[in-house]
Amino acid sequence: MEAEALVRAPIPRDLEKVLGIESQSRLKAEAFTQAFLKKSIQRPSKHDLKSMLSHKAVILGFNKPKEEQSKGSRRRAKGLNARQKSEMRVFDIKAEQQRYELFLPLHQLWRRYITDLCGGLTSSSSPQSVQLKLLRADFHGAIISVVRSKCPSYVGTTGILVQEFRHVFKIITKEDKLKVIPKRNSVFEVEINGFVLHIYGNKFEQRASERSSKKYKAKGTMDL
């Protein structure tokens, strides 16, 4: 209403002569103000001018901050938990896929991966350096053999490692048999470019992803 009051105020007499105009009557000034405001202010048809110009509280809509929205979207995008994966049998290898020859290309990839990881694996390679790298390596695709175990039936079992879990190795033998070998109380042997690696299962009870980021002491937990 301040703008309306200013328009209604009379013009000082000294300014009337300078500007060449004269003050309008109160009624004329009011009519001009109303016409000017109606023309200048866009408003919904259901509201009149006086109610729009009066001071009233306005309730605005509330939008979640972007951070909260992003957190919610991350929660919705969360994958399956371990129990759900187990119930859906996500990690099961079908019977028709349990064939040794199907995993030979994986073994060749693993040999190249280990050779590159250890800088060539030559006779001049440092055993300690190779050992520390192998401790963090991924063994999916390696041909492993059980050389010692508290369960005599496991000794001599050899095959391509197709799955590694915290407590077990799953291997495919040349007879196309899927064997589940517990890591605990077993010693495994891996050969690569003349290097023979002994893996002590009791010290290897971790997932491959956890082992890759773990810091080991120089003496390690393997025999080369």
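The amide H of PHE169, built 1.01 Å from its N in the peptide plane, has ILE181, LYS183 as neighbours under 5 Å, considering only residues 5 or more places off or on other chains. Put simply, the amide H of GLY159, placed in the peptide plane, has neighbours under 5 Å in ILE144, leaving out anything fewer than 5 places away on its chain. Checked against a 21 Å cut-off, the cross-linked pairs LYS85/LYS170; LYS94/LYS179; LYS78/LYS203 give Cα-Cα distances beyond that limit for LYS78/LYS203.
Each reported figure results from applying straightforward, stated rules to the coordinates on display, with no laboratory input. Since we're looking at a predicted model, the values are computed, not measured.
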